[in-house]
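K.L.:
To start, I am sharing the structure in question, which I have written as structure tokens.
Nothing in this text is a laboratory measurement; each read-out follows from the coordinates by a stated rule. From a predicted model like this one, the values you see are computed outputs, not experimental measurements. Here Cβ is always computed from backbone atoms with ideal geometry, including for glycine, and neighbour counts include all displayed protein chains.
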Amino acid sequence: MPVLPKDLVRDFIKDQHFTNTDDVLNLLKEMFKDVLQEALEVELEEKLGYDKYQISAKTTTNSKNGYSKKTVKSELGSVEINIPRD
């Protein structure tokens, strides 16, 4: 897994104006949520053979059918994500 350069991390921290460790934890939870959500979207796109905005490339009768809300419990705490349905 690639590691972010320290100078990039330092600049990011300065830009965020963290005031306490809860600010850092909340950001990590949001980042975790975003990565997990994108992974689910990519997984469904791979299964269906077309991405979210390329319906013209659709080669299956199966299609995207909204989302279901789920709560994932992690070491960062509970995170609510939207599970894409096919």
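K.L.:
Convert each backbone phi in region 78-86 into a coupling constant with the Karplus relation 6.51 cos²θ - 1.76 cosθ + 1.60 (shift: θ = phi - 60°), then list the ³J(HN,Hα) values in order as whole Hz, x for Gly and Pro.
P.N.:
6, 10, 8, 10, 9, 8, x, 10, 10
K.L.:
Right, something else. Run the quick spin-label model on Leu27 and Glu41: label points 7 Å from Cα toward the beta carbon, then report their separation in nm to one decimal.
P.N.:
2.2
K.L.:
Quick one: if you stick a label point 7 Å off each Cα along the C-beta vector at Ile83 and Lys70, how many nm between them?
P.N.:
Each label point lies 7 Å from its Cα, and together they span 0.4 nm.
K.L.:
Amide H of Tyr50 versus every other amide H placed in the peptide plane: which residues, excluding those fewer than 5 positions away on the same chain, fall under 5 Å?
P.N.:
none
K.L.:
In addition: Given H placed on each backbone N at 1.01 Å, which residues far from Tyr67 in sequence or on other chains put an amide H within less than 5 Å of it?
P.N.:
Amide H to amide H, under 5 Å and 5 or more residues apart or across chains, Tyr67 pairs with Arg85.
K.L.:
Right, next: On a straight-distance basis, which aspartates and glutamates could pair with Lys70 in a cross-link, Cα separation under 19 angstrom, same-chain partners fewer than 8 positions away excluded?
P.N.:
Candidates past the 8-residue exclusion: Glu30, Asp34, Glu38, Glu41, Glu43, Glu80, Asp86.
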